[in-house]
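The values are calculated or read from the model by the stated rules, or taken from the named source; none is laboratory data. Every value quoted in this text rests on a predicted model; they were computed, and no experiment measured them. Note that we place each Cβ from the backbone using ideal geometry, even for glycine, and neighbour counts take in every protein chain shown.
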Amino acid sequence: MNLKELQLIITDDGSHTIYVPSLHETYHSKFGAIQESRHIYINEGLSYWLNRNLQKSKTLRVLEVGFGTGLNALLSAIYMKDHPEISLKYHALEPKPLPGDITEKLNYCQILHSGEQIWNHIHECKWGSEVRVTHNFQLFKDPIMVVDFKNPYAYSYDLIFFDAFAPSKQPELWKTSIFEKIRYRMAEGGYLVTYCARGQFKRDLKSLGFDVQTLPGPPGKLEMVRADFFVVNF
Ligand SMILES: C[S@@+](CC[C@H](N)C(=O)[O-])C[C@H]1O[C@@H](n2cnc3c(N)ncnc32)[C@H](O)[C@@H]1O
């Protein structure tokens, strides 16, 4: 993928996404970028996890594979404003950071009527170190490929936002070995959420011991996946 080839397009909910001509692929669903991100990563990820863990944890750790435009990070930081007692540490992997002249054109804050300060901070902050974006949202933009990922922290992740390009476009990101690596970095009771609900992908997750749930997808997409992994101590 060459960053110079990228094109902004408007999706069905009015929000932008990016089209990559050489892959014939978009960063989000053409049926609605914000709708998709909200449904999969906020409602079925963040909100689902918080509803089950409010009593237990004061810190939630997210690992995102494929930071892209930063839309999932923006919606997460906005969502966390309603949960000031919980702190979110958000670690995002992205080997091809988008240049500022693209991210500044994205219309997410206009559509949401909020988040402008957060958005600017998310995009202006340094790559490669942890930065406090709001009082309860810390972001670590990590400019690496998932295959090279080594957890720089001592902790495990409660939520994985797996938002790579589709298996047909970047099959190397959907190999069992990638999910095996991720599984070892997941906290007990943690979840992985993704838009992909392909049969082979679900069978691969099951073979690694994940409990795979197929859920209704966002508008325009039939299904999505949430998978959890419970550590069994013998
Ligand atoms: C579907 S888009 C991500 C959408 C993103 N979450 C957003 O909200 O804009 C896939 C992203 O994965 C990134 N990517 C490509 N190869 C990767 C790799 N080996 N490891 C991690 N991310 C990768 C791409 O550069 C792209 O930004």
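Being touching a residue at least 24 places away in the same chain (Cβ under 8 Å), small (Gly, Ala, Ser) and farther than 14 Å from Thr69 by Cβ is the filter here, so list the residues in the stretch 14-31 that pass it. Of everything in the stretch 14-31, just one residue is touching a residue at least 24 places away in the same chain (Cβ under 8 Å), small (Gly, Ala, Ser) and farther than 14 Å from Thr69 by Cβ, namely Gly14.
Checked against the criterion of being without any contact (Cβ under 8 Å) to a residue 60 or more places away in the chain, closer than 14 Å to Val193 by Cβ and within 15 Å of the ligand (Cβ to nearest atom), the candidates Ile42, Ile9 yield just one match: Ile42. Restricting the stretch 140-177 to residues that are of a type in the set (Lys, Arg) and in contact (Cβ under 8 Å) with a residue 60 or more places away in the chain leaves a set whose member that is farthest from the ligand (Cβ to nearest atom) is Lys141. Residue under question is Lys89, and the condition is that it be basic (Lys, Arg) and touching a helix residue (DSSP H, G or I) at 6+ places or on another chain (Cβ under 8 Å); does it hold? So Lys89 does not fit the description; no.
Restricting the stretch 74-105 to residues that are closer than 12 Å to Tyr41 by Cα and within 11 Å of the ligand (Cβ to nearest atom), which is surrounded by the fewest Cβ atoms within 10 Å (Cβ to Cβ)? Among residues in the stretch 74-105 that are closer than 12 Å to Tyr41 by Cα and within 11 Å of the ligand (Cβ to nearest atom), the one surrounded by the fewest Cβ atoms within 10 Å (Cβ to Cβ) is Leu75. The strands (runs of 3 or more DSSP E) found entirely in the stretch 134-234 that carry 2 or more residues being among the aliphatic types (A, V, I, L, M) and within 19 Å of His28 (Cα to Cα) are 186-194, 223-229.
Among residues of the stretch 107-133 being in a strand (DSSP E or B) and touching a residue at least 12 places away in the same chain (Cβ under 8 Å), the one that is surrounded by the most Cβ atoms within 10 Å (Cβ to Cβ) is Val133.
Evaluation of Ile122 against the conditions (1) at pLDDT below 95; (2) out of contact with any His (no Cβ under 9 Å at 6 or more places or on another chain) shows that the sole unmet condition is (1). Would you confirm whether or not the stretch 63-73 contains a residue that is within 12 Å of the ligand (Cβ to nearest atom), within 22 Å of Lys221 (Cα to Cα) and modelled with pLDDT under 95? No, the stretch 63-73 contains no residue that is within 12 Å of the ligand (Cβ to nearest atom), within 22 Å of Lys221 (Cα to Cα) and modelled with pLDDT under 95.
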